[in-house]
Amino acid sequence: MSVKIESGKWTTIWRKKKASTAFTAGSLVSLDDGYVAPADSTTGAADEPVLGVYEGPTITSATTGTYLYSNTAEVPVQVPIGPALIRATVTGTFAATSEGLSMDMSDAVTVNADATTYGTVTCVRYISATEGIFAISKSIYANVA
């Protein structure tokens, strides 16, 4: 599954992607040494805030053309303008009582309800034991007026 934009105002920006890195359309991305990279379990650390949601296309080691796997082509990223919510798959112990709690990512498309080191996202609505609505707590744009 991918991360879905649930609400808020978003705009598309173009940033260079990290070379030799796989990307999945609809995944959270951060910046790694100035390049767009898929979010992971440490996204949300002080040096790795969320940039936004990667629009695509999916890039694998077999991808050719403009979005060649090994290059640093500019890729489209949806970034929030102000408060915004995403819908994501969740692993770990996730319940209605999880609303209001901050959590980390397991990978670029999955929230880890059992990890709270970085507080990358905050649950605003429980949908099921495996899905929720989240605010991006650790966004590169979190403190932009």
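Among the residues of this structure, ALA95 counts as one that is closer than 21 Å to GLU131 by Cα, without any contact (Cβ under 8 Å) to a residue 40 or more places away in the chain, out of contact with any strand residue (DSSP E or B) (no Cβ under 6 Å at 6 or more places or on another chain) and of a type outside the set (Phe, Trp, Tyr).
Scanning region 59-92 for residues being free of Cβ contacts under 8 Å to residues at least 60 places away in the same chain and either among the acidic types (Asp, Glu) or part of a loop (DSSP other than H, G, I, E, B) (or both) gives a total of 12.
Please tell me if THR97 is part of a helix (DSSP H, G or I) and among the β-branched types (Val, Ile, Thr). For THR97, the condition - part of a helix (DSSP H, G or I) and among the β-branched types (Val, Ile, Thr) - is met.
Conditions (1) surrounded by 17 or more Cβ atoms within 10 Å (Cβ to Cβ); (2) without any contact (Cβ under 8 Å) to a residue 12 or more places away in the chain; (3) under 15 Å from LEU51 (Cα atoms), marked per residue:
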residue	(1), (2), (3)
MET103	yes, no, no
ALA108	yes, no, yes
VAL121	yes, no, yes
GLU131	no, no, no
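Has region 76-89 got any residue that is more than 23 Å from SER137 (Cβ to Cβ) and at pLDDT 95 or above? For region 76-89, residues more than 23 Å from SER137 (Cβ to Cβ) and at pLDDT 95 or above: present.
Condition check ((1) charged (D, E, K, R); (2) in contact with a helix residue (DSSP H, G or I) (Cβ under 7 Å, 6 or more places away or on another chain); (3) more than 19 Å from ILE5 (Cα to Cα)) across all residues:
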| residue | (1), (2), (3) |
| --- | --- |
| GLY44 | no, no, no |
| LEU51 | no, no, no |
| GLY65 | no, no, yes |
| PRO76 | no, no, no |
| ARG125 | yes, no, no |
| SER137 | no, no, no |
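Consider region 6-43 and keep the residues that are within 16 Å of ALA135 (Cα to Cα) and over 10 Å from the mean Cα position of the chain (by Cα). The one that is surrounded by the fewest Cβ atoms within 10 Å (Cβ to Cβ) is LYS9. The residue list SER61, SER70, SER106 contains one member that is at pLDDT 95 or above and either over 18 Å from GLY8 (Cβ atoms) or not assigned by TED's automatic domain parsing to the domain that holds THR21 (or both), which is SER106. Inclusion of THR89 among residues that are within 15 Å of the chain's Cα centre (by Cα), loosely packed, with under 13 Cβ neighbours inside 10 Å and not aromatic (Phe, Trp, Tyr) is not warranted. The residues of region 52-71 that are surrounded by 13 or more Cβ atoms within 10 Å (Cβ to Cβ), β-branched (Val, Ile, Thr) and under 18 Å from LEU28 (Cα atoms), listed by number, are VAL53, THR58, ILE59.
The values are calculated or read from the model by the stated rules, or taken from the named source; none is laboratory data. In this text, all values refer to a predicted model and were calculated from it rather than measured experimentally. For neighbour counting, all protein chains shown are included, and Cβ atoms are generated from backbone atoms with ideal geometry for every residue, glycine included.
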